[in-house]
Amino acid sequence: MALLDRAIVRLLPAVPRPVVQKLSERYIAGASCDDAMRVVRELNAHGKTATIDVLGEEITNAEEARAIADSYTDVLRQIARAQLDATVSVKLTGLGLKLSYDLCRGLVEELVGHAAARGNFVTIDMEDSSTTDDTLRLYRELRTAGRDNVGIVLQASLRRTVADIEAVADLRPNVRLCKGIYLEPDPIAFQDFQAVRGNFVRALGALLDAGCYVGVATHDEWLVDEARRLVSQRGLAPTAYEFQMLLGVRPELGDALVREGHRLRIYVPFGRHWYAYSLRRLQENPKIAGYVAADTLGRLMPGRGDHKLSA
């Protein structure tokens, strides 16, 4: 199946934009903030919360970084106005990390301040391994400065993650734990599927033992079951953790979690950079490209799309 996934990835740039848009509309709220608000309103109506991501991390100058920050400020304003149950997630590269650490820190500090003023929360996404140290550094600086309405993402695929948990445990961080989609070399990341799963379980146990609030971000049913087991062993209330999933991915699993009484947060991306986002995410992880193709085929021809996403 991996060969087919890679073949799909190679064909993606040749796929007409309208077709890519049709395929991605299930996974991206739309081009505007109003689109994101509409999707979040629907999610809230079905007992789910959300975190909103403004697409466009590939910026080239400070003005573009400022524009992304302004978009997030508008999102926070709209969430408050509509009284929606949603937070925001930011990628530091979209706020200038590759241009200047100080520029990025200043924009993030402003954004976290805007969120605090509205009783909201900001999660700092984790990107490829070249950004890990700076991301953790910025997170600690924000927390040390008294900003408590900010969380961090950790990736189970990275070999360093359990050590990173130990390093930030004193902050009792709010953490989104995911597998991670970035393709990294063997010295940096586990390459074996089961090894990533095993590290996810170890990391989740370490976070829960440290008293952290964890967003268990996965569509892997085996990991969902493991998370259920770990929180049950510790006698945690549903308010002490949550599950997180991507918009449009495995909705039946998410619905089952909500019915069981678990808190579920859906990651809702939007923005005019939807095309670049779609191609980049699919190219970064050929398995997702295969899943999207099979999922689409399954909707067109029921019974044929059985390629399950295990992110």
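All of the numbers you see were taken from the coordinates with simple rules; none came from a lab. Since the model is a prediction, treat every value here as computed from it, not as a measurement. Here Cβ is always computed from backbone atoms with ideal geometry, including for glycine, and neighbour counts include all displayed protein chains.
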Label-point separation (nm) for residue 148 and residue 42, each offset 7 Å from Cα along Cα-to-Cβ?
3.6
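Could you tell me what percent of the DSSP beta bridges with both partners in the stretch 29-270 are antiparallel, to the nearest 5?
5
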Distance between Cα centroids, the stretch 130-193 to the stretch 34-92: provide it in whole Å.
22
Cubic angstrom per residue, convex hull over Cα atoms of the stretch 103-145
65
Which ³J(HN,Hα) values, rounded to whole Hz and listed in residue order, are derived for the stretch 213-229 from phi using the Karplus coefficients 6.51, -1.76 and 1.60 in 6.51 cos²θ - 1.76 cosθ + 1.60 with θ = phi - 60°, glycine and proline given as x?
7, 10, x, 7, 9, 7, 10, 7, 4, 5, 5, 4, 5, 5, 5, 4, 4
With +1 assigned to the C-beta of every Lys and Arg and -1 to the C-beta of every Asp and Glu, and no other charges, what is the dipole magnitude of the stretch 29-270 about the Cα centre in debye, to the nearest 20?
740
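Fewest Cβ neighbours within 10 Å first, please rank 219, 262, 46 accordingly. Numbers along the way, then the final one.
Details: 219 22, 262 18, 46 12.
The order, fewest Cβ neighbours first, is 46, 262, 219.
What does the charge count around residue 30 come to, taking other residues whose C-beta lies under 12 Å from its C-beta (Lys +1, Arg +1, Asp -1, Glu -1)? List each step's numbers first, then the result.
Numbers: positive: 26, 38, 272; negative: 25, 34, 35.
The answer is 0.
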How compact and how long is the stretch 29-270, expressed as Rg and Dmax of its alpha-carbon atoms in Å?
17.1, 49
Length added when fully stretched, residue 239-residue 163, from 0.36 nm per residue minus Cα-Cα
24.7 nm
Among 258, 40, what is the fewest-to-most ranking by other Cβ atoms within 10 Å?
258, 40
For residue 268, which sequence-distant residues (separation of 5 or more, or a different chain) have an amide H within less than 5 Å of its own amide H, given hydrogens modelled in the peptide plane?
51, 52, 53
